[in-house]
1. If we scan region 111-123, do we find a residue that is under 23 Å from ARG43 (Cα atoms), touching a Gly at 6+ places or on another chain (Cβ under 7 Å), among the aliphatic types (A, V, I, L, M) and modelled with pLDDT of 95 or more?
2. Hey, any hits in region 95-104 for a residue that's surrounded by fewer than 19 Cβ atoms within 10 Å (Cβ to Cβ), more than 26 Å from GLU14 (Cα to Cα) and in contact with a strand residue (DSSP E or B) (Cβ under 7 Å, 6 or more places away or on another chain)?
3. Quick one: which of GLY106, GLY137 is more than 13 Å from the chain's Cα centre (by Cα) and at pLDDT below 95?
4. With respect to LEU59, is the statement that it is within 28 Å of TYR119 (Cβ to Cβ), crowded, with 21+ Cβ neighbours inside 10 Å and either at pLDDT 95 or above or not polar (S, T, N, Q) (or both) true?
5. Would you confirm, using the coordinates I've provided, whether LEU140 is surrounded by 13 or more Cβ atoms within 10 Å (Cβ to Cβ), in contact with a strand residue (DSSP E or B) (Cβ under 6 Å, 6 or more places away or on another chain) and free of Cβ contacts under 8 Å to residues at least 12 places away in the same chain?
6. Would you say THR125 is over 14 Å from the mean Cα position of the chain (by Cα), buried (at least 20 other Cβ atoms within 10 Å of the Cβ) and not hydrophobic (A, V, I, L, M, F, W, C)?
7. Checking VAL20 against (1) surrounded by 16 or more Cβ atoms within 10 Å (Cβ to Cβ); (2) within 23 Å of LEU116 (Cβ to Cβ); (3) β-branched (Val, Ile, Thr): exactly one of these is not met. Which one?
8. Would it be correct to say that ASN127 is out of contact with any Asp or Glu (no Cβ under 6 Å at 6 or more places or on another chain), closer than 24 Å to GLN17 by Cβ, of a type outside the set (Val, Ile, Thr) and at pLDDT below 95?
Amino acid sequence: MPLGNMVVMDLDYEDGQLWVLGEDRVTTVSEDGSVTGSYSLGRNYLKGCSFGGDGFAVLLLSRYRAGSAGQAVVVGPDGTETASLTLPVNVLDLDAAGRYLALLSGERLEVYTSDLTPYSSLEHTQNARHLSLSDSGAALLANAQRAWLYLPS
């Protein structure tokens, strides 16, 4: 696969496809080296990314270089935007696993399905700053001193 002037920031291999995160796009490449999809960030700045979901990537994008992300975007393996969500608050961390994705803000944890349908939420995250999501939608939250498990009901 010719990368041209693409600066590779992250890679993930899943189900015969290589996900490549560049500074201006996300590209998927098949095992034979052919590009199967590409999503351009356009004029947006990348604020975060997770390739952990089954067959999708989650991007946090902003129109501005400084400040927090303004939008969460779900991208499929063919490079199409499958869902998006305007973010009213600053996202501290994100993760994706299985068919779920989660966004952690200073006030709450929001867990969504891959089409950004709300699945579960937790208020009062006890100053969590880090998040790790499991395939079941359960989330491990952590701050500088401790970690705890959130099990959605």
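1. no
2. No: zero hits.
3. Just one listed residue meets the conditions, GLY106.
4. Taking the combined requirement at face value, the residue satisfies it.
5. So LEU140 passes the test.
6. yes
7. Only one criterion is unmet by VAL20, namely (2).
8. no
The values are calculated or read from the model by the stated rules, or taken from the named source; none is laboratory data. All values derive from a computational prediction rather than experimental measurement. Positions of Cβ are generated from backbone atoms using ideal geometry, with glycine treated the same way; all protein chains shown enter the neighbour counts.
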